[in-house]
Amino acid sequence: MFAVFPSARKVVQLIALPFVALALAACDTIPGGGFGGGPSINTGDAVPVALLVPGGSGLTTDELLSQSLENAARLAMRDLNGATIDLRVYQTAGDAGTAAARAQQAVDDGAKIILGPVYAASANAVGNAVAGDNVAVLSFSNNAAIAGGNVFVLGPTFQNTANRMVGYARSQGKQRFVVVHGQDSAGNQGRDAISSAVTAQGASVVGTVGYALSQQDVIAAIPQIKSAVEGNAADAIFMTTDTASALPLLSQLLPEAGVTSETSQFIGLTRWDIPAQTLSLPGVQGGWFAVPDPAASATFSAQYQGAYGGVPHPIGGLAFDGIAAIGALVSQGNADALTGAALTQGAGFRGASGIFRLRADGTNERGLAVATITDAQVTILSPAPQSFGGAGF
């Protein structure tokens, strides 16, 4: 096992969730390529919205997350440009079966759209449970495997990050990529996302090196990575790992083996600025990674602290995003505000961490900034976009 930042391990795993963890594996997904339906609503009345949170599981982490999600949702409700939402909170106990039952109860109670739940298996079960009711599910998962049909994922996806990072790398002249990934579900999905982004943007994956999740296997992979880089004249190394796993070891051993960002740019699929200790690692200096819009994130955090006296959970902002999107659509006064076509409008929405939009395949696109680390400080290389073009928000 990795012996990296042991005192911060639990914190790292928690705060990395929206950017790294794929949570539970998906069960049967909803058939079909998109959600074309949706209920008709009366925008002159309060729109019933069900918020499914993992409370009731007995885990303190789930209780804290549940409260932060509800707080963030209610914070978003304060400024909806005339739209009114009737927020109804249901506890799922972090269990897929319970989540499905609560979702059906919420629809029976009149909910027009479901916000949540958090875990992928629960979100998948909820989607299946209410598919026949013509109700969309805006889940807090980032597992693209469950997206589709009436299920949307609000969490940042690997594909979105890979697209942004490859696009920036290409703008800086990078053409030949070596992909380095852990041999687990998250690592394999990250590898596939990177490969897809590289191919789509006219570059080449010239090498792929996987490693089992142990210190010994990471060490054994170093010569393979070096050979892949030097043997294929790679100018970029794209890693799927996070700071709680192999990143500290890779960023130390690769430079010791003569492979650095100066010759083959290090790129991360996850955030390299969490926890703060990571910023001081010599090997990550000059590496590139994506972050949510810093200005938008800071504004949301300040508003949340002002309202509730504490910092939001790292994925609490997803509940804010869901309510912001629903409110923006309802405020337009259209009875079809919660249909698939409305939810996937090209212009998107503004949320807790910047702009985002839902895609017809159930995934999402978020406006991300590209950052680097210089002298143990985060520097923005390319700011987050402020619009997707087209009509306004």
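The values are calculated or read from the model by the stated rules, or taken from the named source; none is laboratory data. This one's a predicted model, so the numbers in the text were calculated from it and none came from an experiment. Please note: Cβ atoms are built from the backbone with ideal geometry, for glycine as well, and neighbour counts cover all protein chains shown.
If you check LYS174 against the conditions, is it basic (Lys, Arg) and within 30 Å of GLN67 (Cβ to Cβ)?
Here the answer is no, as LYS174 does not meet what is asked.
Condition check: in contact with a Leu (Cβ under 7 Å, 6 or more places away or on another chain), aromatic (Phe, Trp, Tyr) and crowded, with 21+ Cβ neighbours inside 10 Å. Does PHE152 satisfy that?
yes
(1) in contact (Cβ under 8 Å) with a residue 40 or more places away in the chain; (2) in a loop (DSSP other than H, G, I, E, B); (3) on the phi < 0 side of the Ramachandran plot: which one isn't true of GLY333, the others all being true?
(3)
So which of LEU80, LEU115 ends up being in the same structural domain as GLY38 (by TED's automatic domain parsing) and under 22 Å from PRO314 (Cα atoms)?
Details: LEU80 fails: under 22 Å from PRO314 (Cα atoms).
Of the residues listed, the single one that is in the same structural domain as GLY38 (by TED's automatic domain parsing) and under 22 Å from PRO314 (Cα atoms) is LEU115.
Which residues, taken from region 82-99, are assigned to a helix (DSSP H, G or I) and under 23 Å from the mean Cα position of the chain (by Cα)? Don't jump to the end; show me each part of the working.
Filtering region 82-99 for residues assigned to a helix (DSSP H, G or I) gives 96-99.
Within region 82-99, ALA96, ALA99 qualify.
One residue is enough: does region 178-185 have a residue meeting the conditions within 25 Å of GLY127 (Cα to Cα), part of a helix (DSSP H, G or I) and either in the same structural domain as GLN252 (by TED's automatic domain parsing) or at pLDDT 95 or above (or both)?
Yes, region 178-185 contains a residue that is within 25 Å of GLY127 (Cα to Cα), part of a helix (DSSP H, G or I) and either in the same structural domain as GLN252 (by TED's automatic domain parsing) or at pLDDT 95 or above (or both).
Starting from region 263-278, keep only residues that are in contact (Cβ under 8 Å) with a residue 60 or more places away in the chain and under 20 Å from ILE225 (Cβ atoms), then list their pairs with residues that are among the acidic types (Asp, Glu) and surrounded by 23 or more Cβ atoms within 10 Å (Cβ to Cβ) whose Cβ atoms are within a distance under 6 Å, requiring at least 6 positions of separation or different chains.
THR270/ASP242
Can you tell me which of (1) β-branched (Val, Ile, Thr); (2) buried (at least 22 other Cβ atoms within 10 Å of the Cβ); (3) more than 29 Å from GLY190 (Cα to Cα) is the one VAL137 doesn't meet?
All conditions are met except number (3).
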